[in-house]
Structure formats: structure tokens, C-alpha cells
Amino acid sequence: MIRIGVVGTGGMANGHAAAFQGTKGVTVTACCDVVEEKAGAFAEKHKIARIYTDYRKMLRDEALDGITNVTTDAMHAPISIAALRAGVHVLCEKPMAPTLAEARRMARAAKESRRINMIHFSKRNAAGLQAAKTLIRQGKIGRILHVEASYFQGWLAGATWDDWRRWPHRAWRLSTRHGSQGVLGDLGCHIYDMAHVLCGDIATIDCRLATYKKGVRGERMGEYVFDANDSFVSTVVFANGAIGTVASSRWCTGHSNREFITVYGDRGAVEVDFEKGPNTYRFAKLGVNGKPAWQEVTCKPVPSLYTRFIRAIRSGRQDPCDFANGLKVQAYLHYSFASDARGRALKVKV
Ligand SMILES: NC(=O)c1ccc[n+]([C@@H]2O[C@H](COP(=O)([O-])OP(=O)(O)OC[C@H]3O[C@@H](n4cnc5c(N)ncnc54)[C@H](O)[C@@H]3O)[C@@H](O)[C@H]2O)c1
């Protein structure tokens, strides 16, 4: 039996606990949250035997094989590093960390520990994305020339899910002092990761960020000051010479979660659009007469990152969605901020 501990018992942790409790040969033995009542209710809901309010005590007292770190972004580094040093495998939520320096420390701790380490870039669970990757690797679209990658949410513009002003559980996402890197960190990490999965390393980034007024008195909600960015646009150059745009915003009315990427090559194009379904992609192939024809393809689901984490623990073979990959994505975030601050394109150094 593989024993898992869940750290952070907020919204996203429900998916983690349900997935692990539903996996044969896996059991969630403990959960931890700084808010004891939250941990208690969560334990009851997911049938977890023991609760903690201090992750260090949980790591000391439980014989865990792995933890899943579903805390707010500011706690990703300290908790993941402590677990790895305690010899425990770690699945950590995205974005990897609030800073490149912390992400580097996490990657170093992961390497030294030789434990399984993964970042939960959940968009990789999309079969359409994985099929598009295979298609590109097989040379079906030829040489990559141009890329468009965007992730749109609309919850700041209207009540997409609920009125965030009345239910302030998302307020930490708007506040840098609570570890948020704004939409660039929250959604930008996903869309940069998707671009990286399909097109390889990004060599230079020229980014602009925007933080718009939310119309709330004082532009704050209690301790949460709304200073984090809500929109960004980057023009990027990939190491293979292709150019593209990577963008995201929380002001995209009419979209709850729309992420799409189109990669154009010299022999065809491929597109993954999550609004059409994560397990589909579109492929445009140049016909014999040079006329392109788009076709929609539906693929079989692929194993989730939860399944891959457990498989990696069982086999002892590190999964490619690891901290080293997370570090590259964190570098894209870092150079996006730096490029905006300096007003020019910057070379990415991991
Ligand atoms: N991969 C995805 O698709 C995806 C989707 C949503 C959220 N996320 C990520 O998941 C993480 C959690 O997001 P959420 O929406 O569940 O947030 P949330 O605010 O609902 O939950 C976070 C929980 O962590 C707890 N916490 C904070 N510090 C802690 C500590 N030191 N020890 C124990 N618990 C602590 C908080 O009390 C809270 O209950 C974030 O990093 C977010 O970016 C990922």
C-alpha cells in the first residue's frame, strides 16, 4: 500500500484526495491544513484517518511514501523541500514557487533526495495535447514556424463561477504579499508549459503585464491588496527559431477556462483547444494540391499525473513532468517579469 499525505485542504485538494483514495493500492493516511476545521471537514469527506495543522509534525509522525502539496503558492517550496529531505516523494501544485531562486532550491533538493518529484501541470492530462506532441515529434507538421498559445478566464469581469467579491477565497491570487505571481504565475505557468511541451525550450521573452482596477474600495479586501497582474502578453522566440505569442488574462468575459495552442509548421498545423474538449485536437495537413484541410481527431484518455506519480513511485523511474522541467517554466515566468520591468526582450537562463 502506498501511503499519501495531502498538505493544504482547500478547493484543489479535493481532486487530489479523490484521485489517490480511488487508486488501487494507494491510501491517503493523513491530511494537513493550518486551518484545523478545514482539515477536519476534509478528512471526514475523504475518509482520512489523521489530521495535522503542522506539516513538519505530519512528516515526523506519519510513515508516508509521498505527499501532495496543494497549499497556496508561497508554501510550495518550504513544504516540498522538507518532504524531500525527509525521504518522501512529492507531487507539488503549480506554479512551482513564487521565485526562480526558490524553484532552484526545490530542484536541487529533488536531485539530492533522489525521490520522485513532479509538478502538477494538470493540462498535461489532456490526451489532445499528448497526441499533438507525438504528431509534432513525428515531423507531421514539418519545421515549427509560428505558435499562438493563450489561456483565458473571465472571473474578474463577471460572475463566471461565483461573485469573487462576495466569496473572497480567490483573493490571495490577486495579492503578491500572499505569494501570488498574478495571472502570469497562476495560468501563465500552464500555458508556458504547454508551449514548452509542444515546441521545446523558449530562448527569449518580451513580456508586458497589466493590473487593472477591480472597482473594490481601496483596491483591497482585508489583508489582500490587489497588486498582482491580471493580464499578460509575451512574444517569444523558441530555441528552434520559431516565434510565437503566449498570453493570459482573467478579464476574458464569457470564458471560464479557455486554453488553446496552435502550432504552425511548414507542412501543416496542429491545434489543441480545451473548450472543444481536452481529448481532441485539430490537424491541418497540406494536401497534394497545397490546399490545407483541417480535421478534428478524438483520442483515448491518457493517464493523469496522479496515476503517473504513483507509477513513478512504484517503478522508481522519474516522470518527465518533474522539478527540473518545472524550473524551466519558472524561468519563463521570471524572465517575463524581468522583461516587463525593463521594457525589452530578455534571454532566458535556467
Ligand atoms: N493544477 C491545476 O490545474 C490547479 C487548479 C487550481 C489550483 N491549483 C493550485 O493548487 C494550489 C491550491 O489552490 P486552491 O485553489 O486549492 O487554494 P485554496 O486557497 O482553496 O487552498 C489552499 C489551502 O492551503 C492551506 N495552507 C496554506 N498554508 C499552509 C501550510 N503552511 N500548511 C498547510 N496548509 C496550508 C490553506 O489554509 C488552504 O486551505 C495553488 O498552488 C494553486 O495554484 C492548481
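Here, each number is a calculation from the coordinates, and none is a lab measurement. Values in this document were obtained by computation on a predicted structure and should not be read as measured data. Don't worry about glycine lacking a Cβ; one is built from the backbone with ideal geometry, like all the others, and counts go over all protein chains shown.
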Mind checking which pairs have a first residue in segment 329-350 that is among the aromatic types (Phe, Trp, Tyr) and a second that is not in a helix (DSSP H, G or I), Cβ under 6 Å, 6 or more apart or different chains?
TYR332/ILE202; TYR335/ILE205; TYR335/LEU346; TYR335/VAL348
Residues of segment 64-105 being small (Gly, Ala, Ser), assigned to a loop (DSSP other than H, G, I, E, B) and away from the ligand (no atom under 13 Å from the Cβ), in sequence order, are ALA86, GLY87
For segment 158-211, which positions are surrounded by fewer than 17 Cβ atoms within 10 Å (Cβ to Cβ), in a loop (DSSP other than H, G, I, E, B), touching a residue at least 60 places away in the same chain (Cβ under 8 Å) and away from the ligand (no atom under 12 Å from the Cβ)?
GLY158, ASP201
Pairs where the first residue, in segment 68-93, is in contact (Cβ under 8 Å) with a residue 12 or more places away in the chain and charged (D, E, K, R) and the second is near the ligand (Cβ under 10 Å from one of its atoms) and part of a helix (DSSP H, G or I), C-beta under 7 Å, 6+ apart:
ASP73/GLY185; GLU93/HIS76
Any chance segment 67-76 includes a residue that's surrounded by 19 or more Cβ atoms within 10 Å (Cβ to Cβ) and farther than 15 Å from THR9 by Cβ?
yes
Breaking point among (1) over 24 Å from the mean Cα position of the chain (by Cα); (2) closer than 19 Å to GLY15 by Cβ, for ARG56:
(2)
Could you tell me whether segment 279-300 includes any residue that is part of a loop (DSSP other than H, G, I, E, B), among the charged types (D, E, K, R) and touching a strand residue (DSSP E or B) at 6+ places or on another chain (Cβ under 7 Å)?
no
Selection count where residues are in a helix (DSSP H, G or I) and touching a helix residue (DSSP H, G or I) at 6+ places or on another chain (Cβ under 8 Å), scope segment 53-63:
3
Within segment 133-150, is there a residue that is in contact with a helix residue (DSSP H, G or I) (Cβ under 6 Å, 6 or more places away or on another chain), assigned to a loop (DSSP other than H, G, I, E, B) and under 24 Å from ARG258 (Cα atoms)?
no
Would you please name the residue that is farthest from ARG173 (Cα to Cα), looking only at residues in segment 1-52 that are among the hydroxyl-bearing types (Ser, Thr, Tyr) and part of a loop (DSSP other than H, G, I, E, B)?
THR23
Quick check on this structure: which one of ARG108, ARG124, ARG56, ARG114 is out of contact with any Lys or Arg (no Cβ under 6 Å at 6 or more places or on another chain), within 10 Å of the ligand (Cβ to nearest atom) and either free of Cβ contacts under 8 Å to residues at least 60 places away in the same chain or hydrophobic (A, V, I, L, M, F, W, C) (or both)?
ARG56
